[in-house]
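Novice: Pasting a structure here, questions to come.
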């Protein structure tokens, strides 16, 4: 038994396939979604979305958005969704440094500081997901 998963961003359809399970970063913690899950709409946090299919798993670094769960379909509408294997670690590290500089340099006006913190959080999750993917390679579950 599988469920249909779609991950969409404002720019593109990032992923679409039938999967065994999806783990998503909810606003209050990780949510595990299996086929026939109770219908649900939830806010997404910043974190790692893991897809399990056929004994293997793939990861996305996602930031914000919404999750809609229906008995046969899960739709993740994320502000950003980057497949772990597509993340450029050097660019993510540079984005982290830029966000840290912005925070340290005195962007203390509310909106600027909030934006810099959000950019830092997003860079950190991309780095974490990419480094784990690089360290572990594609994960097989048996």
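Novice: With 10 angstrom as the radius, rank 66, 60 by how many other C-beta atoms surround their C-beta, starting from the fewest.
Specialist: 66, 60
Novice: Can you put 7, 27, 62, 127 in order of Cβ neighbours within 10 angstrom, beginning with the fewest?
Specialist: Working: 7 24, 27 13, 62 28, 127 17.
If I rank by nearby Cβ atoms, fewest first, I get 27, 127, 7, 62.
Novice: Okay, moving on. Where does each of 28, 112 land when they are ranked from fewest to most other beta-carbon atoms within 10 angstrom?
Specialist: With the sparsest Cβ surroundings first, the list reads 28, 112.
Novice: Rounded, prolate or oblate: which fits the range 3-85, taking a ≥ b ≥ c as square roots of the Cα gyration tensor eigenvalues, rounded meaning a/c under 1.5, else prolate when a/b beats b/c? If you can, show how the numbers build up before the last one.
Specialist: Values: a/c = 1.36, a/b = 1.10, b/c = 1.24.
Rounded is the answer for the range 3-85, as its axis ratio a/c remains below 1.5.
Novice: Right, next: Using DSSP, restrict attention to beta bridges with both residues in the chain and report what percent are antiparallel, rounded to the nearest 5. Intermediate results must be reported in sequence, preceding the final value.
Specialist: Details: 39 of 44 bridges.
Antiparallel bridges make up about 90 percent of those DSSP assigns within the chain.
Novice: For the chain, with a Gaussian network of springs between Cα atoms less than 10 Å apart, report the residue from 47, 26, 55 with the top mean-square fluctuation.
Specialist: Looking only at 47, 26, 55, the largest GNM fluctuation is found for 55.
Novice: Sequence gap at least 6, Cα distance under 8 Å: using those rules, report the relative contact order of the chain to the nearest whole percent.
Specialist: 23 percent
Novice: As a check on your grasp of the helix formula, calculate [θ] at 222 nm for the chain: sum -39500 (n - 2.57) over DSSP H runs of n ≥ 4, divide by the residue count, round to the nearest 500. Each step should come with its number before you reach the end.
Specialist: Numbers: 2 runs with 43 residues, N = 142.
Per the formula, -10500 deg cm²/dmol.
Novice: Taking 8 Å as the Cα distance limit and 6 or more residues as the minimum spacing, I'd like the relative contact order of the range 3-85 as a percentage.
Specialist: 32 percent
Read the figures in this text as sums done on the coordinates, not as results from a lab. A quick note: this is a predicted structure, and the numbers were derived from the prediction, not measured. As a convention, Cβ positions derive from the backbone with ideal geometry for all residues, glycine included, and neighbour counts pool all protein chains shown.
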